Amino acid sequence: MKYSLVAAAIAAFASAYLGFAPIGWWWVPCIGFAVLSALLSNAGAFKRVALIGFVFGLVYFFTGVSWVRISLNEFGGMPLAMAWFAAFLFAAFLALYSTLACAFTAWVRPKHWLGAAFVFACAWTFGEYLRAYLFTGFEWLSVGASQTHELSFMGWASLFGVFGATWMLIFTSAILPRLLVAFLALWRPNSGRDWLYLGAIDRGVTSVVVVLFGTLIVNVMIAQLRFSEPTGNPIRVSLLQGNVAQSMKWEPEKFADTLQRYEKLVTEAKGELIILPETAFPAPLHRIPPEYIERLRGIANAKGANLLFGVPVQEKDKFYNAAVSIGVEPSQQYRKVHLVPFGEYMPLRGLLAWFYANLTIPMSDFSKGAVDQPLIKLNGQSLGISICYEDAFSRDVHRTLPDATLLVNISNDAWFGKSAAAEQHLQLAQLRAIEFARPMLRANNTGVTAVIDEHGRVTKRIDAFTTGILETTIQGRKGYTPYMMWGDLPILIICLAGLGIGAARRLAVGRSS
């Protein structure tokens, strides 16, 4: 048993560390989940399967998102040991979803290899779906998010979203152990009487190969499809990366330096749409000197440009994390809808009083913006704006479509230091571009500021922790991807059908025995 747990831990570590950005070896999760599938099929007892699933999930999530301890410790003031413990508890909570998926697969006990792969893919994907929605959701590190390479399962995201890519990867991975066993069986010593056995194995190999390569061929064909077309005139865009250290961002004595830095970058920018990061100005809009805002407006007007910048705004007694435009067109606002728990608002204050007593995060009491806000329209384009971790959720970007012709994300990943978080966040933005066949413009305080085309390819970027201006010309696009029209409904139906059929079969077998 202990060797199974070690194998599960290694497979999970490789899948998270090597499979996702910044390394991004998209094929590693296929191997990792193939190992997990093989361990589940040979674990025997139900409790062993659940333990394997928990260990896999714990290592997978702790490896992939342990960077949360940086924001808790370095910028939230929490003691280091407690920050690591909080990160561990977070990973353990997320591991419950993998535990349930593995336990359900073991409980159903499908006899045929194809049925086992189908049930496991449905159980794991449904677990990811629940994880994306329950308790405000955490879609980060969904398996499908690793599939941004042109040879990967990225094509399925335009049909069924990130969960469709997850389902295909898990299903394919669960087939791989069967293929390996079948090929190894061909090399066993045989005599004349073994020809019938070898013939059966050979038919098994053929079946697996047909299913496996069939899915890969269909994936390549899907990747060649085009779901959007140009609309409007190309526009020149400047994305600003101020590289304001998080440790100084909210210090009152550094406030003037931050304003001067962005005024200089805006003056140097050449675009007709100039985009600044989330909370580029670290104070509510009404507390920023009016003469400074007028200077920025004057610079924009002289260029015939519009500025879009992140800043907190206040309305009555409520604060909102917002994107505000000024310039040659009337001022407009977008207010963030999907807030980050423990970062932008504090849930369960009574229950988690011990946690909050050791945590000090500035501007952590925002209110939600309205879900039905109109899109900001600038330079002849409709902007589907997301702020920070909103672009980690398909549904948050989906609500801006099909009207949005350009996707825009403004972020501040300085909260997570020099960890994998910024590159993982960029990878999630790539998935959103693939799902909706729209270019994505990202302005990030410390990086990664980037331009992503409608196929999910990063065409330009500024490296993290540098100050700079990314100049580009971008073409808006219109049209519908299947995922834009269907949303998660098809993959949800597939998953529920798989779970329902598996459960019905198991209960029927139980009654007959």
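No value in this document is a laboratory result; all are computed from the given coordinates. Everything numeric in this text was worked out from a predicted model, so none of it was measured. Every residue, glycine as well, gets a Cβ built from its backbone with ideal geometry; the counts of neighbours run over all protein chains shown.
Peptides 332-340, 468-476 ranked from most to least packed, by the mean per-residue count of other Cβ atoms within 10 Å: 332-340, 468-476.
Distance between the C-alpha centres of the stretch 250-326 and the stretch 435-455: 21 Å, rounded to the whole angstrom. Restricting to the stretch 248-333, what percent of DSSP beta bridges are antiparallel, rounded to 5? In the stretch 248-333, approximately 80 percent of DSSP beta bridges are antiparallel ones. Amide hydrogen proximity for Phe319: with H placed 1.01 Å from N in the peptide plane, the residues at 5 or more positions away or on another chain lying under 5 Å are Ser367. When the C-alpha to C-alpha distance is required to be over 26 Å, the pairs from Lys303/Lys336; Lys254/Lys377; Lys303/Lys418; Lys316/Lys336; Lys254/Lys418; Lys47/Lys111 that qualify are Lys303/Lys336; Lys254/Lys377; Lys303/Lys418. Take the Cα of Ala302, go 7 Å toward its beta carbon, and none of the backbone nitrogen atoms of the stretch 463-506 fall under 12 Å from that spot. Contact order, relative form, for the chain: 17 percent (alpha carbon pairs under 8 Å, 6 or more residues apart, mean separation divided by residue count). Taking a ≥ b ≥ c as the square roots of the eigenvalues of the Cα gyration tensor, the stretch 208-324 is prolate, since a/c reaches 1.5 or more and a/b is larger than b/c. The calculated FRET efficiency for Thr473 paired with Gln224, based on their beta-carbon distance and R0 = 30 Å, is about 0.75. Using DSSP, restrict attention to beta bridges with both residues in the chain and report what percent are antiparallel, rounded to the nearest 5. Antiparallel bridges make up about 65 percent of those DSSP assigns within the chain. Please find the FRET efficiency linking Glu329 to Trp25, where r is the Cβ-Cβ separation and R0 is fixed at 60 Å, and quote it to the nearest 0.05. So the FRET efficiency works out to roughly 0.85. Roughly what angle does helix 46-65 make with the longest principal axis of the chain, taking Cα atoms, 0 to 90 degrees, to the nearest 10? It works out to around 30 degrees. Here are some values of Cα Rg over 2.2 N^0.38 Å: (i) 1.17; (ii) 0.99; (iii) 1.05. Which one was computed from this structure? Correct label is (iii). Taking each residue as 0.36 nm, the span from Glu263 to Met82 lengthens on full extension beyond its C-alpha to C-alpha distance by 61.2 nm. Remark on the chain: Cys30, Cys102, Cys388 stand apart, with no other cysteine beta carbon under 4.7 Å.
If a spin label sat at a point 7 angstrom from the Cα of Phe465 along the line to its beta carbon, the backbone N atoms of the stretch 407-421 nearer than 15 Å would be those of 413-421. Each residue of the stretch 367-372 was assigned a 3J(HN,Hα) from its phi angle through the Karplus expression (A = 6.51, B = -1.76, C = 1.60, θ = phi - 60°), giving 9, 6, x, 5, 5, 9 Hz with x at Gly and Pro. Exposure proxy shown here: for Asp396, Asp463, Asp403, the number of other Cβ atoms within 10 Å sets the order, fewest to most, as Asp463, Asp403, Asp396.
What FRET efficiency, computed as 1/(1 + (r/R0)^6) with R0 = 41 Å and r the Cβ-Cβ distance, is obtained for Glu253 and Arg457, rounded to the nearest 0.05? According to the calculation, E is roughly 0.45.
For the pair Ile217 and Leu285 in one chain, pulling the backbone fully straight at 0.36 nm per residue adds 19.2 nm over the alpha carbon distance.
Scaled against the 2.2 N^0.38 Å expected of a compact globular protein of N residues, the Cα radius of gyration of the stretch 28-71 reads 1.37. Among residues other than Leu40 with Cβ under 12 Å from its Cβ, the summed charge is +2 (Lys and Arg +1, Asp and Glu -1). Highest mean first, the peptides 89-98, 227-236 sorted by other C-beta atoms within 10 Å per residue fall in the order 89-98, 227-236. Computed packing ranks the peptides 447-458, 127-138, 405-416 as 405-416, 447-458, 127-138, most packed first, by mean other Cβ atoms within 10 Å.
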